[in-house]
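Asks: I'd like to ask you about the structure that follows.
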Amino acid sequence: MKIDFVKARQVFDSRGNPTVEAEVKAGKITERAIVASGASTGSNEAIELRDKEKAFKGRGVLKAVENINKKISPKLKGMDVTQQKEIDKAMIELDGTENKSVLGANAVASVSMAVAKAGAKVQEVPLYEYLGQLAENKKFCLPIPQMNVLNGGKHAGLEHDIQERMIYPFGAKSFFEAMQMSTEIYHSLKALMKKKFGYSAGLIGDEGGFVSSEKDEEKKLELILNAVEETGYSGKVELAIDPASTEFYKNGKYFLGNKIFSAGELVDFYSELAEKFNIYSIEDGMAEEDWKGWNELNEALGNKYQIVGDDLLVTNIKFIERAIKENSCNSLLLKVNQIGSVSESIDSALLAFKNSWTVVVSHRSGETEDSFIADLVVGLGTGQSKFGAPARSDRNAKYNQLLRIEDSMKNSVYGKR
Ligand code: 2PG
Ligand code: MG
(Lines give C-alpha, C1' and ligand atoms only; values in the text may rest on other atoms or scores of the structure.)
(Ligands and ions follow the chains in the order given, each with its own letter.)
Protein backbone atom coordinates (compact mmCIF):
# COMPACT_ATOMS: atom_id res chain seq x y z
CA MET A 1 0.00 0.00 0.00
CA LYS A 2 1.50 3.28 -1.11
CA ILE A 3 1.58 6.44 0.97
CA ASP A 4 -0.67 9.13 -0.52
CA PHE A 5 0.37 11.89 1.84
CA VAL A 6 1.28 12.75 5.40
CA LYS A 7 -0.51 15.58 7.14
CA ALA A 8 0.49 17.12 10.44
CA ARG A 9 -1.09 19.40 12.98
CA GLN A 10 -0.24 21.01 16.29
CA VAL A 11 -1.97 19.37 19.27
CA PHE A 12 -1.26 19.49 23.03
CA ASP A 13 0.50 17.30 25.56
CA SER A 14 -0.26 16.54 29.21
CA ARG A 15 1.54 19.69 30.38
CA GLY A 16 -0.42 21.92 28.03
CA ASN A 17 2.49 22.35 25.63
CA PRO A 18 2.12 22.15 21.87
CA THR A 19 3.28 18.93 20.23
CA VAL A 20 3.14 17.29 16.80
CA GLU A 21 0.51 14.91 15.52
CA ALA A 22 1.20 13.22 12.16
CA GLU A 23 -1.43 11.52 10.04
CA VAL A 24 -0.43 9.06 7.35
CA LYS A 25 -2.82 8.31 4.53
CA ALA A 26 -2.30 5.17 2.42
CA GLY A 27 -5.27 4.07 0.32
CA LYS A 28 -8.19 3.54 2.68
CA ILE A 29 -5.92 3.60 5.72
CA THR A 30 -5.42 6.67 7.90
CA GLU A 31 -3.27 6.37 11.03
CA ARG A 32 -2.13 9.02 13.48
CA ALA A 33 0.60 9.35 16.08
CA ILE A 34 1.47 12.08 18.58
CA VAL A 35 5.00 12.60 19.85
CA ALA A 36 5.76 12.99 23.58
CA SER A 37 8.11 15.53 25.15
CA GLY A 38 10.63 15.41 28.01
CA ALA A 39 11.53 17.94 30.72
CA SER A 40 14.74 16.50 32.15
CA THR A 41 16.18 15.86 28.72
CA GLY A 42 19.62 14.50 27.85
CA SER A 43 21.79 17.04 26.05
CA ASN A 44 22.55 14.54 23.27
CA GLU A 45 18.93 13.83 22.43
CA ALA A 46 17.76 14.41 18.88
CA ILE A 47 16.47 17.96 18.52
CA GLU A 48 12.86 18.74 19.36
CA LEU A 49 12.08 21.60 17.00
CA ARG A 50 10.29 24.48 18.73
CA ASP A 51 9.24 27.69 16.96
CA LYS A 52 10.93 30.01 19.48
CA GLU A 53 8.42 32.71 18.67
CA LYS A 54 6.01 34.70 20.81
CA ALA A 55 3.17 32.19 20.59
CA PHE A 56 3.11 29.52 23.32
CA LYS A 57 6.13 31.14 24.97
CA GLY A 58 8.33 29.88 22.17
CA ARG A 59 7.12 26.28 22.47
CA GLY A 60 4.97 26.17 19.35
CA VAL A 61 5.72 23.40 16.84
CA LEU A 62 4.33 24.90 13.64
CA LYS A 63 7.74 24.72 11.94
CA ALA A 64 7.90 20.97 12.61
CA VAL A 65 4.32 20.67 11.33
CA GLU A 66 5.26 22.55 8.18
CA ASN A 67 8.32 20.34 7.70
CA ILE A 68 6.02 17.32 7.64
CA ASN A 69 3.47 18.89 5.31
CA LYS A 70 5.90 20.51 2.88
CA LYS A 71 9.04 18.35 3.00
CA ILE A 72 8.38 14.90 4.48
CA SER A 73 5.02 14.30 2.82
CA PRO A 74 6.26 14.82 -0.79
CA LYS A 75 9.36 12.72 -0.03
CA LEU A 76 7.33 9.75 1.29
CA LYS A 77 4.55 9.96 -1.30
CA GLY A 78 4.41 6.71 -3.28
CA MET A 79 6.55 4.72 -0.85
CA ASP A 80 5.21 1.39 0.42
CA VAL A 81 3.94 2.09 3.94
CA THR A 82 5.15 -1.31 5.18
CA GLN A 83 8.77 -0.43 4.34
CA GLN A 84 9.46 1.09 7.76
CA LYS A 85 13.24 1.01 7.47
CA GLU A 86 13.28 2.61 4.03
CA ILE A 87 10.85 5.30 5.14
CA ASP A 88 12.82 6.14 8.28
CA LYS A 89 16.01 6.18 6.21
CA ALA A 90 14.43 8.54 3.68
CA MET A 91 13.50 10.98 6.46
CA ILE A 92 16.95 10.75 8.04
CA GLU A 93 18.56 11.48 4.67
CA LEU A 94 16.17 14.32 3.98
CA ASP A 95 17.12 15.85 7.33
CA GLY A 96 20.81 15.34 6.67
CA THR A 97 22.04 16.02 10.22
CA GLU A 98 23.09 13.67 13.02
CA ASN A 99 20.48 14.97 15.45
CA LYS A 100 17.53 15.67 13.15
CA SER A 101 17.89 19.38 13.77
CA VAL A 102 16.63 20.40 10.32
CA LEU A 103 13.27 18.60 10.22
CA GLY A 104 13.00 18.14 13.99
CA ALA A 105 12.95 14.81 15.82
CA ASN A 106 9.38 15.60 16.85
CA ALA A 107 8.43 15.76 13.15
CA VAL A 108 10.32 12.60 12.15
CA ALA A 109 9.27 10.53 15.19
CA SER A 110 5.57 11.30 14.86
CA VAL A 111 5.60 10.33 11.17
CA SER A 112 7.66 7.22 11.90
CA MET A 113 5.18 6.00 14.52
CA ALA A 114 2.16 6.78 12.34
CA VAL A 115 3.79 4.86 9.46
CA ALA A 116 4.26 1.82 11.74
CA LYS A 117 0.61 1.96 12.79
CA ALA A 118 -0.44 2.13 9.13
CA GLY A 119 1.91 -0.75 8.26
CA ALA A 120 0.26 -2.91 10.92
CA LYS A 121 -3.16 -2.06 9.47
CA VAL A 122 -2.05 -3.03 5.95
CA GLN A 123 -0.74 -6.35 7.21
CA GLU A 124 -3.85 -6.81 9.33
CA VAL A 125 -1.93 -7.65 12.48
CA PRO A 126 -1.97 -5.97 15.90
CA LEU A 127 0.58 -3.16 16.21
CA TYR A 128 2.66 -5.04 18.80
CA GLU A 129 2.95 -8.01 16.46
CA TYR A 130 3.96 -5.76 13.58
CA LEU A 131 6.62 -4.04 15.69
CA GLY A 132 7.79 -7.49 16.74
CA GLN A 133 8.19 -8.40 13.06
CA LEU A 134 10.31 -5.30 12.49
CA ALA A 135 12.58 -6.42 15.34
CA GLU A 136 12.41 -10.07 14.25
CA ASN A 137 10.97 -10.96 17.63
CA LYS A 138 8.18 -13.40 18.27
CA LYS A 139 8.49 -13.69 22.02
CA PHE A 140 5.87 -11.18 23.05
CA CYS A 141 5.77 -10.21 26.65
CA LEU A 142 3.71 -7.94 28.88
CA PRO A 143 6.02 -5.67 30.88
CA ILE A 144 6.68 -5.43 34.59
CA PRO A 145 5.78 -1.76 35.00
CA GLN A 146 8.05 0.63 36.88
CA MET A 147 5.42 3.02 38.21
CA ASN A 148 6.40 6.45 39.44
CA VAL A 149 4.19 6.87 42.51
CA LEU A 150 6.25 9.59 44.21
CA ASN A 151 7.32 12.32 41.78
CA GLY A 152 10.18 14.68 42.44
CA GLY A 153 12.81 16.87 40.82
CA LYS A 154 11.89 18.74 37.66
CA HIS A 155 8.54 16.92 37.42
CA ALA A 156 7.43 18.28 40.78
CA GLY A 157 9.07 21.69 40.99
CA LEU A 158 11.74 20.45 43.41
CA GLU A 159 15.51 20.96 43.30
CA HIS A 160 18.32 18.70 44.55
CA ASP A 161 15.85 15.84 44.56
CA ILE A 162 15.47 12.31 43.23
CA GLN A 163 13.10 12.60 40.28
CA GLU A 164 11.23 9.29 40.36
CA ARG A 165 10.43 6.71 43.04
CA MET A 166 8.74 3.75 41.48
CA ILE A 167 7.05 0.54 42.52
CA TYR A 168 8.02 -2.55 40.56
CA PRO A 169 5.47 -5.38 40.94
CA PHE A 170 7.70 -8.21 39.71
CA GLY A 171 5.72 -10.81 41.70
CA ALA A 172 2.43 -10.36 39.84
CA LYS A 173 1.22 -13.29 37.77
CA SER A 174 -0.16 -11.16 34.97
CA PHE A 175 -0.27 -7.54 33.86
CA PHE A 176 -3.85 -7.39 35.09
CA GLU A 177 -2.66 -8.39 38.55
CA ALA A 178 0.21 -5.90 38.36
CA MET A 179 -2.35 -3.15 37.75
CA GLN A 180 -4.46 -4.26 40.69
CA MET A 181 -1.44 -4.33 42.99
CA SER A 182 -0.13 -0.99 41.77
CA THR A 183 -3.40 0.91 41.99
CA GLU A 184 -4.07 -0.46 45.48
CA ILE A 185 -0.61 0.61 46.59
CA TYR A 186 -1.09 4.00 44.91
CA HIS A 187 -4.26 4.66 46.90
CA SER A 188 -2.73 3.42 50.17
CA LEU A 189 0.22 5.72 49.59
CA LYS A 190 -2.12 8.66 49.00
CA ALA A 191 -3.83 8.05 52.34
CA LEU A 192 -0.49 7.66 54.17
CA MET A 193 0.89 10.83 52.59
CA LYS A 194 -2.14 12.87 53.58
CA LYS A 195 -2.01 11.55 57.12
CA LYS A 196 1.64 12.42 57.45
CA PHE A 197 1.99 15.65 55.49
CA GLY A 198 -1.53 17.05 55.39
CA TYR A 199 -4.13 17.48 52.68
CA SER A 200 -1.85 18.94 50.02
CA ALA A 201 0.27 15.77 49.99
CA GLY A 202 -2.40 14.24 47.76
CA LEU A 203 -1.38 16.61 44.94
CA ILE A 204 0.43 15.09 42.01
CA GLY A 205 3.38 15.74 39.70
CA ASP A 206 3.82 15.49 35.94
CA GLU A 207 3.82 11.69 35.83
CA GLY A 208 0.76 11.16 38.05
CA GLY A 209 2.62 10.33 41.27
CA PHE A 210 2.30 12.23 44.54
CA VAL A 211 4.62 15.04 45.54
CA SER A 212 6.24 15.68 48.90
CA SER A 213 8.67 18.40 49.86
CA GLU A 214 10.00 16.14 52.64
CA LYS A 215 13.79 16.44 52.35
CA ASP A 216 14.75 13.10 53.89
CA GLU A 217 14.88 10.54 51.06
CA GLU A 218 14.64 7.61 53.44
CA LYS A 219 11.35 8.86 54.87
CA LYS A 220 9.84 8.99 51.38
CA LEU A 221 10.94 5.50 50.41
CA GLU A 222 9.77 4.21 53.77
CA LEU A 223 6.29 5.55 53.08
CA ILE A 224 6.14 3.66 49.79
CA LEU A 225 7.22 0.43 51.49
CA ASN A 226 4.59 1.06 54.19
CA ALA A 227 1.96 1.33 51.47
CA VAL A 228 3.21 -1.92 49.92
CA GLU A 229 3.03 -3.61 53.30
CA GLU A 230 -0.40 -2.23 54.10
CA THR A 231 -1.82 -3.66 50.88
CA GLY A 232 -0.29 -7.07 51.62
CA TYR A 233 2.11 -7.16 48.67
CA SER A 234 5.45 -7.33 50.49
CA GLY A 235 7.70 -9.84 48.78
CA LYS A 236 6.01 -9.22 45.43
CA VAL A 237 7.03 -5.61 44.92
CA GLU A 238 10.46 -4.05 44.75
CA LEU A 239 11.29 -0.40 44.20
CA ALA A 240 13.08 1.43 41.39
CA ILE A 241 14.46 4.97 41.31
CA ASP A 242 15.42 7.49 38.65
CA PRO A 243 17.46 10.19 40.38
CA ALA A 244 17.97 11.94 36.98
CA SER A 245 21.20 13.06 38.57
CA THR A 246 22.35 15.30 35.71
CA GLU A 247 19.86 17.77 37.18
CA PHE A 248 21.77 18.03 40.48
CA TYR A 249 25.34 17.68 39.18
CA LYS A 250 27.65 20.67 39.11
CA ASN A 251 31.43 20.95 38.81
CA GLY A 252 32.02 17.27 39.49
CA LYS A 253 29.79 17.12 42.58
CA TYR A 254 26.25 15.91 43.26
CA PHE A 255 23.98 18.21 45.29
CA LEU A 256 21.25 15.91 46.58
CA GLY A 257 18.98 16.81 49.49
CA ASN A 258 21.04 18.81 51.94
CA LYS A 259 24.27 16.99 51.10
CA ILE A 260 27.10 17.24 48.59
CA PHE A 261 28.41 13.94 47.22
CA SER A 262 31.39 12.87 45.14
CA ALA A 263 30.60 10.12 42.60
CA GLY A 264 32.08 7.52 44.97
CA GLU A 265 30.02 8.79 47.90
CA LEU A 266 26.90 8.73 45.77
CA VAL A 267 27.57 5.09 44.84
CA ASP A 268 27.76 4.29 48.57
CA PHE A 269 24.54 6.23 49.18
CA TYR A 270 22.70 4.28 46.44
CA SER A 271 24.12 1.03 47.72
CA GLU A 272 22.72 1.68 51.21
CA LEU A 273 19.37 2.87 49.87
CA ALA A 274 19.05 -0.16 47.59
CA GLU A 275 19.84 -2.56 50.41
CA LYS A 276 17.54 -0.89 52.91
CA PHE A 277 14.55 -0.22 50.67
CA ASN A 278 14.55 -3.18 48.35
CA ILE A 279 15.47 -1.17 45.25
CA TYR A 280 16.09 -3.28 42.16
CA SER A 281 16.71 -0.68 39.48
CA ILE A 282 18.64 2.61 39.47
CA GLU A 283 18.35 4.87 36.40
CA ASP A 284 20.64 7.81 35.68
CA GLY A 285 22.37 7.38 39.02
CA MET A 286 25.22 9.45 37.58
CA ALA A 287 25.22 12.57 35.40
CA GLU A 288 25.36 12.21 31.63
CA GLU A 289 28.88 13.63 31.35
CA ASP A 290 30.29 11.71 34.33
CA TRP A 291 31.36 8.56 32.43
CA LYS A 292 33.89 7.76 35.14
CA GLY A 293 31.19 7.90 37.80
CA TRP A 294 28.97 5.60 35.70
CA ASN A 295 31.74 3.04 35.52
CA GLU A 296 32.24 3.24 39.28
CA LEU A 297 28.51 2.75 39.83
CA ASN A 298 28.23 -0.20 37.47
CA GLU A 299 31.40 -1.86 38.79
CA ALA A 300 30.11 -1.57 42.35
CA LEU A 301 26.42 -2.40 41.90
CA GLY A 302 25.93 -3.74 38.36
CA ASN A 303 26.12 -7.41 39.25
CA LYS A 304 23.34 -7.08 41.80
CA TYR A 305 21.11 -4.33 40.46
CA GLN A 306 19.77 -3.02 37.17
CA ILE A 307 21.78 0.09 36.27
CA VAL A 308 19.79 1.94 33.59
CA GLY A 309 21.18 4.55 31.21
CA ASP A 310 18.77 7.25 30.06
CA ASP A 311 20.36 10.70 29.57
CA LEU A 312 23.67 8.87 29.21
CA LEU A 313 22.55 6.82 26.20
CA VAL A 314 19.66 8.82 24.68
CA THR A 315 18.58 5.65 22.81
CA ASN A 316 21.52 6.21 20.45
CA ILE A 317 23.73 3.29 19.38
CA LYS A 318 26.75 5.59 19.41
CA PHE A 319 26.46 6.10 23.17
CA ILE A 320 25.28 2.54 23.84
CA GLU A 321 28.44 1.28 22.14
CA ARG A 322 30.58 3.53 24.32
CA ALA A 323 28.74 2.39 27.46
CA ILE A 324 29.32 -1.25 26.53
CA LYS A 325 33.01 -0.59 26.01
CA GLU A 326 33.39 1.36 29.25
CA ASN A 327 31.15 -0.92 31.32
CA SER A 328 28.94 2.01 32.28
CA CYS A 329 25.58 0.30 32.84
CA ASN A 330 23.63 -2.89 32.14
CA SER A 331 20.30 -1.61 30.90
CA LEU A 332 18.90 0.74 28.25
CA LEU A 333 16.02 3.14 28.78
CA LEU A 334 14.34 3.31 25.38
CA LYS A 335 12.54 6.51 24.36
CA VAL A 336 11.47 6.80 20.71
CA ASN A 337 11.66 10.61 20.56
CA GLN A 338 15.17 10.67 22.05
CA ILE A 339 16.54 9.21 18.82
CA GLY A 340 13.60 10.18 16.62
CA SER A 341 12.50 7.10 14.67
CA VAL A 342 11.02 3.64 15.19
CA SER A 343 13.77 1.85 13.21
CA GLU A 344 16.58 3.47 15.18
CA SER A 345 14.79 2.72 18.47
CA ILE A 346 14.58 -0.94 17.48
CA ASP A 347 18.27 -0.97 16.50
CA SER A 348 19.14 0.39 19.95
CA ALA A 349 17.10 -2.31 21.69
CA LEU A 350 18.69 -5.04 19.57
CA LEU A 351 22.20 -3.80 20.36
CA ALA A 352 21.35 -3.79 24.07
CA PHE A 353 19.94 -7.33 23.92
CA LYS A 354 22.98 -8.55 22.01
CA ASN A 355 25.12 -7.42 24.93
CA SER A 356 22.89 -9.10 27.53
CA TRP A 357 21.50 -5.82 28.75
CA THR A 358 17.88 -5.37 29.79
CA VAL A 359 15.68 -2.79 28.03
CA VAL A 360 13.03 -0.62 29.69
CA VAL A 361 10.63 1.07 27.24
CA SER A 362 9.78 4.53 28.54
CA HIS A 363 7.31 7.38 28.24
CA ARG A 364 8.25 11.07 28.58
CA SER A 365 7.10 13.34 31.37
CA GLY A 366 5.05 15.29 28.80
CA GLU A 367 2.74 12.61 27.37
CA THR A 368 -0.44 12.24 25.37
CA GLU A 369 -3.26 9.80 24.75
CA ASP A 370 -1.10 7.99 22.18
CA SER A 371 -0.41 4.44 23.39
CA PHE A 372 2.22 3.46 20.78
CA ILE A 373 4.83 2.60 23.42
CA ALA A 374 2.50 0.01 25.00
CA ASP A 375 2.54 -1.97 21.75
CA LEU A 376 6.25 -1.32 21.37
CA VAL A 377 7.19 -2.84 24.72
CA VAL A 378 5.11 -5.96 24.02
CA GLY A 379 6.40 -6.27 20.46
CA LEU A 380 10.04 -5.99 21.48
CA GLY A 381 9.39 -8.36 24.36
CA THR A 382 11.65 -6.38 26.67
CA GLY A 383 9.56 -7.30 29.72
CA GLN A 384 9.87 -3.91 31.43
CA SER A 385 8.17 -0.55 31.02
CA LYS A 386 8.27 2.88 32.62
CA PHE A 387 5.01 4.71 31.90
CA GLY A 388 4.43 6.69 35.11
CA ALA A 389 1.89 6.30 37.90
CA PRO A 390 -1.26 4.24 37.33
CA ALA A 391 -3.25 7.46 37.24
CA ARG A 392 -4.07 10.28 34.80
CA SER A 393 -5.21 9.28 31.34
CA ASP A 394 -1.96 10.23 29.60
CA ARG A 395 -0.34 7.39 31.62
CA ASN A 396 -3.34 5.05 31.79
CA ALA A 397 -3.77 5.20 27.99
CA LYS A 398 -0.68 2.96 27.92
CA TYR A 399 -1.75 0.73 30.80
CA ASN A 400 -5.24 0.28 29.39
CA GLN A 401 -3.75 -0.69 26.02
CA LEU A 402 -1.55 -3.26 27.76
CA LEU A 403 -4.66 -4.68 29.45
CA ARG A 404 -6.34 -4.91 26.03
CA ILE A 405 -3.34 -6.66 24.54
CA GLU A 406 -3.12 -9.12 27.42
CA ASP A 407 -6.83 -9.77 27.15
CA SER A 408 -6.48 -10.55 23.44
CA MET A 409 -3.73 -13.13 23.91
CA LYS A 410 -4.36 -16.81 24.54
CA ASN A 411 -1.15 -17.47 26.46
CA SER A 412 0.26 -14.18 27.57
CA VAL A 413 3.63 -13.92 29.29
CA TYR A 414 4.19 -11.38 32.08
CA GLY A 415 7.54 -9.82 32.79
CA LYS A 416 11.17 -10.51 32.06
CA ARG A 417 14.23 -9.10 33.75
C1 2PG B 1 13.11 10.34 32.55
C2 2PG B 1 11.88 10.88 31.87
C3 2PG B 1 10.65 10.04 31.95
P4 2PG B 1 11.62 13.30 30.95
O5 2PG B 1 13.96 11.10 33.02
O6 2PG B 1 13.30 9.14 32.55
O7 2PG B 1 10.28 9.66 33.24
O8 2PG B 1 11.64 12.22 32.17
O9 2PG B 1 10.65 12.82 29.97
O10 2PG B 1 11.26 14.58 31.61
O11 2PG B 1 13.02 13.32 30.41
MG1 MG C 1 15.33 9.14 33.31
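Asks: At 1.4 Å probe size, with the rest of the protein present, what percent of the exposed accessible area of the chain is carbon and sulfur atoms? Can you show the working numbers first?
Replies: Values: 8170 of 16880 Å².
Taking all protein chains in place, the chain shows 48 percent carbon and sulfur surface.
Asks: If the cut-off is a Cα-Cα distance under 20 Å, which lysines reach Lys194, setting aside same-chain residues fewer than 8 apart in sequence?
Replies: Lys215, Lys219, Lys220
Asks: Taking only protein heavy atoms into account and a 1.4 Å probe, give the accessible area per residue of the chain in Å².
Replies: Accessible area per residue: 40 Å².
Asks: In addition: Using a ≥ b ≥ c from the Cα gyration tensor of the range 47-118 (square roots of the eigenvalues), is it rounded, prolate or oblate, where a/c under 1.5 gives rounded and otherwise the larger of a/b and b/c decides, a/b for prolate?
Replies: Prolate, because a/c is 1.5 or more and a/b exceeds b/c.
Asks: With the Cα gyration tensor of the range 144-408 giving a ≥ b ≥ c as the square roots of its eigenvalues, does the rule (a/c under 1.5 for rounded; else a/b larger than b/c for prolate; else oblate) give rounded, prolate or oblate? Kindly include the intermediate steps, with their values, before the conclusion.
Replies: Details: a/c = 1.58, a/b = 1.07, b/c = 1.48.
Judged from the Cα gyration tensor, the range 144-408 comes out oblate (a/c at least 1.5, b/c at or above a/b).
Asks: What's the FRET efficiency of Leu203 with Lys2 using the Cβ-Cβ distance as r and R₀ = 45 Å, to the nearest 0.05? Walk me through the numbers before you get to the answer.
Replies: Numbers: r = 50 Å, r/R0 = 1.11.
Efficiency at R0 = 45 Å is approximately 0.35.
Asks: Here's another thing I want to ask about it. Quick query: amide H of Glu283 versus all other amide H atoms, modeled in the peptide plane; which residues come in under 5 Å with a sequence gap of 5 or more or a different chain?
Replies: Here the answer is Ile241, Asp242, Val308, since their amide H atoms fall under 5 Å of that of Glu283.
Asks: Subtracting the Cα-Cα distance from 0.36 nm times the residue separation, let me have the gained length for Arg9 to Lys138 in nm, one decimal.
Replies: Length difference between fully extended and current span is 43.0 nm.
Asks: Would you calculate the separation in nanometres between label points at Asp216 and Lys173, each defined as 7 Å from the Cα along the Cα-to-beta-carbon direction?
Replies: 4.0
Asks: Please enumerate, by chain and number, the aspartates and glutamates with C-alpha under 15 Å from the C-alpha of Lys85, excluding those fewer than 8 residues away in the same chain.
Replies: Qualifying aspartates and glutamates at Cα under 15 Å: Glu93, Glu136, Glu344, Asp347.
Asks: So which of Lys253/Lys354; Lys304/Lys386; Lys28/Lys121; Lys57/Lys77; Lys335/Lys398; Lys2/Lys121 end up more than 22 Å apart by C-alpha?
Replies: Listed pairs above 22 Å: Lys253/Lys354; Lys57/Lys77.
Asks: Next question. Tally Lys and Arg at +1 and Asp and Glu at -1 over the other residues with C-beta under 15 Å from the C-beta of Ala26: what net charge comes out?
Replies: Numbers: positive: Lys2, Lys7, Lys25, Lys28, Arg32, Lys75, Lys77, Lys117, Lys121; negative: Asp4, Glu23, Glu31, Asp80, Glu86, Glu124.
Once all neighbours under 15 Å are counted, the net charge is +3.
Asks: Calculated FRET efficiency, Ser393 and Lys57, Cβ-Cβ r, R0 30 Å, to nearest 0.05?
Replies: Numbers: r = 25 Å, r/R0 = 0.82.
Using R0 = 30 Å, I get an efficiency of 0.75.
Asks: Next question, about the same structure. Considering only C-alpha atoms, what is the centroid distance from the range 248-312 to the range 324-378, in Å?
Replies: Result: 20 Å between the Cα centres.
Asks: Here's something else I'd like to know. Which angle between 0 and 90 degrees, to the nearest 10, do you get for helix 105-123 versus the longest principal axis of the chain when only C-alpha atoms count?
Replies: Between helix and principal axis, roughly 70 degrees.
Asks: Sticking with this structure for a sec: What is the helix-to-structure angle for 263-277, meaning the angle in degrees between its Cα long axis and the longest Cα principal axis of the chain, kept from 0 to 90 and rounded to the nearest 10?
Replies: 80
Asks: Compute the angle between helix 84-95 and the longest alpha-carbon principal axis of the chain, please, reported from 0 to 90 degrees and rounded to the nearest 10.
Replies: Here the helix axis deviates by roughly 90 degrees.
The values are calculated or read from the model by the stated rules, or taken from the named source; none is laboratory data. Being a predicted model, the structure only gives us computed values, none of them experimental. With ideal geometry, Cβ positions are generated from the backbone for all residues, glycine too; neighbour counts draw on all protein chains shown. Note: areas computed on protein heavy atoms with side chains; ligands, DNA, RNA excluded. Shrake-Rupley method; radii C 1.70, N 1.55, O 1.52, S 1.80 Å.
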